[in-house]
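Down below is the structure, laid out as structure tokens.
The values are calculated or read from the model by the stated rules, or taken from the named source; none is laboratory data. Note that the coordinates shown come from a computational prediction; the quantities given were computed from them, not determined experimentally. Note that we place each Cβ from the backbone using ideal geometry, even for glycine, and neighbour counts take in every protein chain shown.
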Amino acid sequence: MTDAQIRGFKLFTGQGRCVSCHIIEQNQALFTDSRFHNIGIGINQIQQDVPRLTKAFLEAKNKGGNVDVMVLSDKKPSELGRFAVTGELSQIGAFKTPTLRNVELTAPYMHDGSLLTLKDVMIHYNNGGVTKAGDRVNDFLSGGIRPLNLTDAQLEDLVAFLKALTSSKFSSKYASPTPTQAAN
């Protein structure tokens, strides 16, 4: 690994706290805890609608409504996340932690594809669960999500480490286009 990737790994397991959800175990590195977390994606844009949406969703579900249609046919209820399955308020806006294996090839990122680059993802986490510093954090954000106070250089090192998780056998064949290439 390069020096930047090694520094990124140290940040991943240390100050960045990424390993809290993207776990590395003694005998395997799946880079997921297979749990559900609200990291502030999607739900931040609908937080003023959450009381109305959750109430309407639960009422429809209790009356035998087709929850799949409710969630898949309207963006706002789809942002309720795992709540749509469990009905538990603690699961509002929670989505499953994905593996980071070959993450360089899976852009755009997050459950809704709202972040185009790995750097955008790092900025989101660095800001404590919001896309822009100073935005309001949603009321249902998972407890471990808070500002990281990483420098730009540290964010670049984290991105370098994440790219190291891409198998060389796939990296050139299936490489995601850069944002500039995707726009053309």
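Structural remarks
- Figure legend. Inter-residue proximity from the stretch 31-44: first residues at positive phi, second residues assigned to a loop (DSSP other than H, G, I, E, B) and hydroxyl-bearing (S, T, Y), beta-carbon distance below 6 Å, spacing 6+ or different chains. Indicated pairs: F31/T99.
- Of the listed requirements (1) part of a loop (DSSP other than H, G, I, E, B); (2) surrounded by 13 or more Cβ atoms within 10 Å (Cβ to Cβ), Q45 misses just one: (1).
- Among residues of the stretch 25-41, those that are at pLDDT 95 or above and more than 20 Å from G113 (Cα to Cα), counted: 1
- Of all residues in the stretch 110-129 being within 11 Å of the chain's Cα centre (by Cα) and surrounded by 19 or more Cβ atoms within 10 Å (Cβ to Cβ), the one that is modelled with the lowest pLDDT: G129
- Taking the stretch 88-127 as the range and being touching a residue at least 60 places away in the same chain (Cβ under 8 Å), under 25 Å from L53 (Cα atoms) and in a loop (DSSP other than H, G, I, E, B) as the test, the residues that pass are T97, M110, H111, D112, S114.
- Filter result for V50 (surrounded by 12 or more Cβ atoms within 10 Å (Cβ to Cβ), under 15 Å from Q91 (Cβ atoms) and without any contact (Cβ under 8 Å) to a residue 60 or more places away in the chain): no
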